[in-house]
1. Which loop-located trypsin sites (Lys or Arg not before Pro) does segment 104-173 contain, where loop means any DSSP state but H, G, I, E or B and the Cβ has at most 16 other Cβ atoms within 10 Å?
2. Can you tell me how much longer the chain between D77 and A166 gets when fully stretched, taken as 0.36 nm per residue apart minus their C-alpha distance, in nm with one decimal?
3. Quote to one decimal, in nm, the extra length available between A87 and Q112 on full extension: 0.36 nm per residue of separation minus the C-alpha distance between them.
4. Hey, can you list the DSSP H helices of the chain whose Cα span along the axis is 27 Å or longer and whose average Kyte-Doolittle score is at least -0.5?
5. Tell me whether segment 106-173 comes out rounded, prolate or oblate; compute the Cα gyration tensor, take square roots of the eigenvalues as a ≥ b ≥ c, and use a/c under 1.5 as the rounded threshold.
6. Ranked from highest to lowest mean number of other Cβ atoms within 10 Å per residue, what is the order of the peptides 66-76, 29-39?
7. Run the numbers for A20 and E153: contour at 0.36 nm per residue of separation, minus the present Cα-Cα distance, in nm.
8. I want to check the label-to-label distance for A104 and T123. Put each point 7 Å from Cα in the C-beta direction and report it in nm to one decimal.
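The values are calculated or read from the model by the stated rules, or taken from the named source; none is laboratory data. Here the structure is a predicted model, which is why all the values come from computation and not from measurement. With ideal geometry, Cβ positions are generated from the backbone for all residues, glycine too; neighbour counts draw on all protein chains shown. In case anyone asks, the SASA skips ligands and DNA or RNA and just uses the protein heavy atoms, side chains included. Shrake-Rupley method; radii C 1.70, N 1.55, O 1.52, S 1.80 Å.
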Amino acid sequence: CKTNYDQLKQQTMQFLIQSAWVRQEAEEQGVSVTDAEVRALFEEQRSQAFPEERAYRRFLRTAGATERDLHFRVELDALQDKLTKKAEQDWEKVTEEDVEKYYAENRQQFRQPERRDILIVRTKTKAEAEQAKRELESGAKFATVAKEHSIDEFSKAEGGESLRIARGANDKP
């Protein structure tokens, strides 16, 4: 029960934070919805989801929700839709020169460390590493040697292959 409670509490907090953010952003952007818009959207969604009044009432009881709760969610969805449309309109005003200028001014933000795909056999001792190296030099398949000698379970399971490793992120040889 405690785990379920903690999850529900976390979900509730996330919903409340998102709700506050959407309302604040809408206010800053000059975006709003009228009560009439919310009622119309609510009725449209309700009639699609619950063609019969009885089914709708049953849903409210089992969900532990009120119409006010549902109106609140519809209002948030409508605000989010309007904010998205406004942002899309603003994006259309961004030129290629704007993008290039922003990139040039914020180049550090877009840097990615150099990455490589590597084959690795990680061992506990130098002697074990040298044994693995001798087997490889005598023609043994890398995957076979990795599965036999490697202590790294992830790369061992992948036949010694580690993909997209950032420079400096791996142990010293």
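1. Passing sites in segment 104-173 are R111, K124, K141, R167.
2. 28.0 nm
3. Net length gain for the segment: 6.3 nm.
4. Details: long enough: 2-29 (40 Å, -1.22); 67-92 (38 Å, -1.33).
What comes out of the filter, once short or polar helices are dropped, is none.
5. prolate
6. Sorting 66-76, 29-39 by mean packing, highest first, produces 66-76, 29-39.
7. Working: separation 133, 0.36 × 133 = 47.88 nm, distance 4.46 nm.
Separation in residues times 0.36 nm, less the Cα-Cα distance, equals 43.4 nm.
8. Result: 5.4 nm between the two label points.
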